Amino acid sequence: MFGIYDQTTLYQFLSTGVPANTTGILMNDIDCSGMTFSSLYNYISKNVVFEGNGLKLLNLTSNIFNGTIYFRRVQLIDVNIVTSSATLNYINNKMEQVYFQGSITSTGTATGRIGAIASGLQTENMVMNCLVDANISTAGTVRGGLVVGDGYPPNLCIAKGNVNSKNVAGGIIGLDYIPSTPSVNVCLATSIKGNDTYVGRCRGGYAANNNNVKMYCLETTLLNGNAVSESNNLSKNGANITAVQSRTQSFYEGLGYDFVDVWKMSSAGSSHGGTPILQFMEDI
C-alpha cells in the first residue's frame, strides 16, 4: 500500500514510480493547482492500482490517465486541460467508477482523439460505470467524445456536457469499433457538434448501426444545433429518452446499471438534477 496524501506523494505515484503490485490509496482530497505531469510512469504489466476512496483530485490542468494504472473510485473536479496534443492517452487498464467534471480543449491539428476518460480504448470492457460532465473541444482532424475519443465503447457510463469537434464526434464516443460483447450507455449531453458525415448524438463514425452497442440519448440533446427523433438504440444517435426517464431509477436498472453497489439517484434539487451519480459522490 502506498498512501497518497498531497501533491508530493501524488506526483511520486504517477510520475516517479512505485514497485509492482502496489495499490496507491488516496487518503484525502488534494488540490492539484500548479501541478504538471510532463511524463507518466509506465506501469504496464506491473499490476498497479489507484484506489481513490471516492475522494477528489481538484483543479487538474494535466492529464493523469497514462493507461497502465487501474483507476477506480475517484472524482476529478474542476479539470481544465488545454493541450496542443491531438491524443492524451490510450487506456490499457481498467477505469471504473471515475467521475470527471471539467473541460479538455485540444488545439492539436494532427489526426488524434480526445475523451474525458480515455482518448483511445484498445480493449473491450476497460471503461465501466463512469460519470462524465464535461466540455470537450477539438480542432483539426481530432475525434471527440465525452467519455472516449475512439476505440471500443465504454459500458454502463453516463455522459453530460458538450462536444465541439471539427471532425468525428459523439456524446459517448467519437469513433467506435465493433465489440464482441454488448455494451449500453446513456447520453444526457446538451450539444454535440462535428462533421455532418461522421457525427452522432452518442457515437460518431461510419456505421449507421452497431449491433452490440446500445445507446440512449436525452431527446433534447442537440446534434449540430438540431433536435433528433430516433427510436433505434443501435443507431449512432441512440434511442430518445425523456427527461422523466433520465431521472427514473427503474429505467437505468432495466439497462443493467447497478444501484446496489455502484450508482444512486441524486435529489431533484441538487446540481445533478435528479439523474444518477456514483454512490461515493455528495448529493449537492
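The values are calculated or read from the model by the stated rules, or taken from the named source; none is laboratory data. Since the model is a prediction, treat every value here as computed from it, not as a measurement. We place every Cβ from the backbone using ideal geometry, glycine too, and count neighbours over all the protein chains shown.
Tally the residues that are part of a loop (DSSP other than H, G, I, E, B) and among the hydroxyl-bearing types (Ser, Thr, Tyr), restricting the search to region 81-107. Working first, answer last.
Initial filter on region 81-107 (part of a loop (DSSP other than H, G, I, E, B)): 84-86, 88-89, 92-94, 107.
Right, trim to among the hydroxyl-bearing types (Ser, Thr, Tyr) and you get 84-85, 107.
Count: 3.
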Any hit, region 29-43, residues being of a type in the set (Val, Ile, Thr) and modelled with pLDDT of 95 or more: yes
Test set (1) more than 30 Å from Asn53 (Cα to Cα); (2) touching a residue at least 40 places away in the same chain (Cβ under 8 Å) - Tyr198 fails condition number: (2)
Residue match in region 89-102 (condition: among the small types (Gly, Ala, Ser), on the phi > 0 side of the Ramachandran plot and within 13 Å of the chain's Cα centre (by Cα)): yes
Matching residues, region 9-43, being surrounded by 12 or more Cβ atoms within 10 Å (Cβ to Cβ), farther than 18 Å from Ile77 by Cβ and not small (Gly, Ala, Ser): Thr9, Tyr11, Gln12, Phe13, Val18, Thr22, Thr23, Ile25, Leu40, Tyr41, Asn42, Tyr43
Check on Asp78, outside the structural domain of Pro182 (by TED's automatic domain parsing) and either within 21 Å of Cys217 (Cα to Cα) or not in a loop (DSSP other than H, G, I, E, B) (or both): yes
Hey, Ser231 part of a loop (DSSP other than H, G, I, E, B), assigned by TED's automatic domain parsing to the domain that holds Pro154 and without any contact (Cβ under 8 Å) to a residue 12 or more places away in the chain or not: yes
Residues located in region 234-257, provided they are in a loop (DSSP other than H, G, I, E, B) and either closer than 23 Å to Ser165 by Cβ or among the small types (Gly, Ala, Ser) (or both): Leu234, Lys236, Asn237, Gly238, Gly256
Within region 214-235, tally of residues that are closer than 23 Å to Val142 by Cβ, in contact with a Lys or Arg (Cβ under 7 Å, 6 or more places away or on another chain) and not polar (S, T, N, Q): 3
Only listed residue being within 30 Å of Lys56 (Cβ to Cβ) and surrounded by 15 or more Cβ atoms within 10 Å (Cβ to Cβ), chosen from Leu234, Leu255, Leu278: Leu278
Failed criterion for Ala110 (all others in (1) aliphatic (A, V, I, L, M); (2) closer than 27 Å to Ala169 by Cα; (3) in a strand (DSSP E or B); (4) without any contact (Cβ under 8 Å) to a residue 40 or more places away in the chain hold): (3)
